[in-house]
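In what follows, a structure is listed as structure tokens, so that the remarks can point back to it.
FYI, it's all coordinate maths here, none of it is from the lab. Just so we're clear, the structure is a prediction, and the values are computed from it rather than from any experiment. Here the Cβ is made from the backbone with ideal geometry for all residues, glycine too, and neighbour counts use every protein chain on show.
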Amino acid sequence: MLAAIFLTEGLAAVSRPERLADKARPVTDRISSLHPSIPKDAATLVRVNGAAQVIGGVLLATGRATTPASLMLAASLVPTTLAGHAFWRHEDPAERRRQRIDFLKNAGLVGGLLFAALDNEGRPSLRWRTAHESHHLRRRAASQAHRLRRRAEQETHFVRRRAEQEAHLLRRRAQHEAQRAFHRA
């Protein structure tokens, strides 16, 4: 439901940016002055903002990449709100009130989007999951190290026993050869 407004209004901005360009010009002029690579044309910036809203709306509606989508939508809503609902510019009390209500509605949408960005659908936070996985990795590493130590001890024991058996056999052969040499002499 939260994505619906962004889909409809984003599509309208992409298909007919000129209807919003004049209203958006005070904000787009400020934005385009921030960096030389940003287009100066208000209609182009309205169209880009509308495309961002459509993409974010689709992602949010489908439940894919909801955190980045929500943050992108919240960011796109700031210039839209400043351009479209600058209630402080209106002298007429009724128009000022209407624009203030729309401004506050958009502020509420930003709050909802920030909440959606932080919502993990019942999953623990990224920080908790990282710490939890780190704990499991440490335990697995300690367990693997223990198994490797035991295996090394077993191998050492096996090699030592084999060496003792070989030494015993060599001593017996040496004794046997010594006895044979003694009897021949």
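Summary table
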quantity: Likely footprinting exposure, 5, 101, fewest C-beta neighbours within 10 Å first; calculated: 101, 5
quantity: Relative contact order %, the range 1-123, counting alpha carbon pairs below 8 Å whose residues are six or more apart; calculated: 27 percent
quantity: Rg/Rh ratio calculated on Cα atoms of the chain (Kirkwood radius); calculated: 1.65
quantity: Per-selection Rg to Rh, the range 125-185 - Cα, Kirkwood hydrodynamic radius; calculated: 1.63
quantity: Folded to 0 to 90 degrees: helix 4-15 orientation relative to the chain principal axis, Cα; calculated: 70 degrees
quantity: Percent of Cα pairs exceeding the 20 Å cut-off, where the set is the range 1-100; calculated: 42 percent
